[in-house]
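Data first, discussion second: the structure below is written as structure tokens.
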Amino acid sequence: MENFPTEYFLNTTVRLLEYIRYRDSNYTREERIENLHYAYNKAAHHFAQPRQQQLLKVDPKRLQASLQTIVGMVVYSWAKVSKECMADLSIHYTYTLVLDDSKDDPYPTMVNYFDDLQAGREQAHPWWALVNEHFPNVLRHFGPFCSLNLIRSTLDFFEGCWIEQYNFGGFPGSHDYPQFLRRMNGLGHCVGASLWPKEQFNERSLFLEITSAIAQMENWMVWVNDLMSFYKEFDDERDQISLVKNYVVSDEISLNEALEKLTQDTLHSSKQMVAVFSDKDPQVMDTIECFMHGYVTWHLCDRRYRLSEIYEKVKEEKTEDAQKFCKFYEQAANVGAVSPSEWAYPPVAQLANVRSKDVKEVQKPFLSSIELVE
């Protein structure tokens, strides 16, 4: 990866973590593992159900990896919500990651989407059928305003994934296109709204704070993700429709200029996030700060983002940015580097096999059952 701008990436990441005053103290190690296993266990049993297995048709290894990634994201970032809320959000966001990786053409199953929705019929698209079935479990945690944001943002996400299947980075000169697509597929409003469960926050009395948090979070979380995903996506053929790559096409600029544009936007958003909420409701600020720090820890520690490779590459370097990056990385690893073997068990495939055997046993003739007992 000779062309990857390592020095620039280090400088940008260090500035970001300094801006948000990164110091993840969301959990003790025991609390983190307990929450990870609780959310994982419930989500794994959900995806092991025959209906989910039949309709999703996802490779077991990919489903397992997706679930582990999302459980980590939710537990690390949504540190202030209940374990039950974490589990339900983990299921919802795993569905979104499965869709994001899908290559199936949605057109045939979306022809009657609204008619089926209006008539209360099951959606023809299997993803929507499953997501709609699970949605009540998610929405029960939230008030009506936050719930509407979750629904609307999930719908936007589906459409964004649909657009991405065309591998279209925008026409040259279409400067609005990159942000249009990123806002649509970024789930920013869904994430921003799902930080405020009704058992902890009164969305009527905190309406202005919650609305502002959703607005700020929309850009912050997707830009941070784009920045910290830049390394893993740099030479991956499957990830060429990214915000940075789309800037290159639509704005007709170089890759370094596009990365600088993302960097400046991310740093400005980080400054705003801290400044806007520092004098607001303390519980709101605490939730936002815990999310930001946990979200960064998750990116630094999750294997999906491969940032350990950057660490190994620069840990012997003496530059200021390299040393600062390594210090931040080690700080994150000390709290967030938890082996999946400590919490991601049993595997979904194993649970699905057990369920399949149980179904087959139930379907055996009654006489055979009597003979077996005898």
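The values are calculated or read from the model by the stated rules, or taken from the named source; none is laboratory data. Just so we're clear, the structure is a prediction, and the values are computed from it rather than from any experiment. We place every Cβ from the backbone using ideal geometry, glycine too, and count neighbours over all the protein chains shown.
Yes/no per residue for (1) modelled with pLDDT of 95 or more; (2) touching a Leu at 6+ places or on another chain (Cβ under 7 Å); (3) not in a helix (DSSP H, G or I):
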site: HIS37; (1), (2), (3): yes, no, no
site: GLN52; (1), (2), (3): yes, yes, no
site: GLN64; (1), (2), (3): yes, no, no
site: ILE70; (1), (2), (3): yes, yes, no
site: VAL81; (1), (2), (3): yes, no, yes
site: HIS92; (1), (2), (3): yes, no, no
site: THR109; (1), (2), (3): yes, no, no
site: ASP115; (1), (2), (3): yes, no, no
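Results for (1) touching a Ser or Thr at 6+ places or on another chain (Cβ under 7 Å); (2) touching a residue at least 60 places away in the same chain (Cβ under 8 Å); (3) surrounded by fewer than 17 Cβ atoms within 10 Å (Cβ to Cβ), shown as yes or no for each residue.
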residue	(1), (2), (3)
VAL14	no, yes, no
GLU34	no, no, yes
GLN68	no, yes, no
MET110	no, no, no
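Every residue in the range 324-336 that is surrounded by 15 or more Cβ atoms within 10 Å (Cβ to Cβ) and not basic (Lys, Arg), please. Break it down into steps so the answer makes sense when it comes.
So in the range 324-336, the residues surrounded by 15 or more Cβ atoms within 10 Å (Cβ to Cβ) come out as 324-326, 328-329, 331-333, 335-336.
Of everything in the range 324-336, those that are surrounded by 15 or more Cβ atoms within 10 Å (Cβ to Cβ) and not basic (Lys, Arg) turn out to be PHE325, CYS326, PHE328, TYR329, GLN331, ALA332, ALA333, VAL335, GLY336.
So which residues in the range 16-26 are crowded, with 20+ Cβ neighbours inside 10 Å and within 30 Å of TYR345 (Cα to Cα), if there are any at all?
ASP24, ASN26
Determine whether the range 233-241 contains at least one residue that is over 23 Å from SER82 (Cβ atoms), among the β-branched types (Val, Ile, Thr), in contact (Cβ under 8 Å) with a residue 60 or more places away in the chain and assigned to a loop (DSSP other than H, G, I, E, B). Step through it out loud before you land on a result.
Taking the range 233-241 and keeping what is over 23 Å from SER82 (Cβ atoms), we get 233-241.
Imposing the further condition that a residue be among the β-branched types (Val, Ile, Thr) reduces the set to 241.
With the extra rule that they be in contact (Cβ under 8 Å) with a residue 60 or more places away in the chain, the set shrinks to 241.
After this cut, where a residue has to be assigned to a loop (DSSP other than H, G, I, E, B) as well, the list is 241.
The answer is yes; a qualifying residue exists.
Mind checking whether some residue in the range 259-269 is among the aliphatic types (A, V, I, L, M) and farther than 17 Å from ILE20 by Cα?
Yes; the residues of the range 259-269 include at least one that is among the aliphatic types (A, V, I, L, M) and farther than 17 Å from ILE20 by Cα.
Working only within the range 201-226, note down all residues that are outside any helix (DSSP H, G or I) and surrounded by fewer than 19 Cβ atoms within 10 Å (Cβ to Cβ).
We begin by selecting, within the range 201-226, every residue outside any helix (DSSP H, G or I); these are 201-206.
Of everything in the range 201-226, those that are outside any helix (DSSP H, G or I) and surrounded by fewer than 19 Cβ atoms within 10 Å (Cβ to Cβ) turn out to be ASN202, ARG204, SER205, LEU206.
Name the one entry in TRP128, TRP196 that is aromatic (Phe, Trp, Tyr) and touching a Leu at 6+ places or on another chain (Cβ under 8 Å). First the steps, then the outcome.
Details: TRP128 fails: touching a Leu at 6+ places or on another chain (Cβ under 8 Å).
That would be TRP196, the only listed residue that is aromatic (Phe, Trp, Tyr) and touching a Leu at 6+ places or on another chain (Cβ under 8 Å).
Those residues that are part of a helix (DSSP H, G or I), modelled with pLDDT of 80 or more and out of contact with any Pro (no Cβ under 7 Å at 6 or more places or on another chain), I need them from the range 336-374; list them, please.
Restricting attention to the range 336-374, the residues satisfying the condition of being part of a helix (DSSP H, G or I) are 336, 340-342, 348-363, 366-373.
In the following step, the residues that additionally are modelled with pLDDT of 80 or more were identified as 336, 340-342, 348-354.
Within the range 336-374, GLY336, PRO340, SER341, GLU342, GLN350, LEU351, ALA352, ASN353, VAL354 qualify.
Specify the residue that is nearest to the chain's Cα centre (by Cα); the eligible residues are those in the range 117-132 that are without any contact (Cβ under 8 Å) to a residue 60 or more places away in the chain and under 28 Å from LEU67 (Cβ atoms). Spell out the reasoning first.
Within the range 117-132, the first condition is being without any contact (Cβ under 8 Å) to a residue 60 or more places away in the chain, and the residues that meet it are 117-125, 128, 131-132.
Restricting the remaining residues to those that are under 28 Å from LEU67 (Cβ atoms) gives 117, 122-125, 128, 131-132.
Numbers: LEU117: 26, GLU122: 26, GLN123: 24, ALA124: 25, HIS125: 22, TRP128: 18, VAL131: 15, ASN132: 19 Å.
Top of the filtered list is VAL131.
Assuming PHE171 fulfils every condition listed in (1) touching a Leu at 6+ places or on another chain (Cβ under 9 Å); (2) at pLDDT 95 or above; (3) within 18 Å of VAL244 (Cα to Cα) apart from one, which condition is it?
Checking PHE171 against (1) touching a Leu at 6+ places or on another chain (Cβ under 9 Å); (2) at pLDDT 95 or above; (3) within 18 Å of VAL244 (Cα to Cα), the one that fails is (1).
Restricting to the range 304-335, give me the number of residues that are out of contact with any helix residue (DSSP H, G or I) (no Cβ under 8 Å at 6 or more places or on another chain), of a type in the set (Lys, Arg) and either over 24 Å from VAL274 (Cβ atoms) or not in a helix (DSSP H, G or I) (or both).
Of the residues in the range 304-335, 1 are out of contact with any helix residue (DSSP H, G or I) (no Cβ under 8 Å at 6 or more places or on another chain), of a type in the set (Lys, Arg) and either over 24 Å from VAL274 (Cβ atoms) or not in a helix (DSSP H, G or I) (or both).
Which of the residues spanning the range 117-133 are of a type outside the set (Asp, Glu) and either under 15 Å from THR154 (Cβ atoms) or assigned to a helix (DSSP H, G or I) (or both)?
Taking the range 117-133 as the starting set, the residues that turn out to be of a type outside the set (Asp, Glu) are 117-121, 123-132.
Passing the criteria: LEU117, GLN118, ALA119, GLN123, HIS125, PRO126, TRP127, TRP128, ALA129, LEU130, VAL131, ASN132.
Looking at (1) surrounded by fewer than 19 Cβ atoms within 10 Å (Cβ to Cβ); (2) of a type outside the set (Ser, Thr, Tyr); (3) without any contact (Cβ under 8 Å) to a residue 24 or more places away in the chain, which one does VAL244 not meet, given that it meets all the others?
For VAL244, the failing item is (1).
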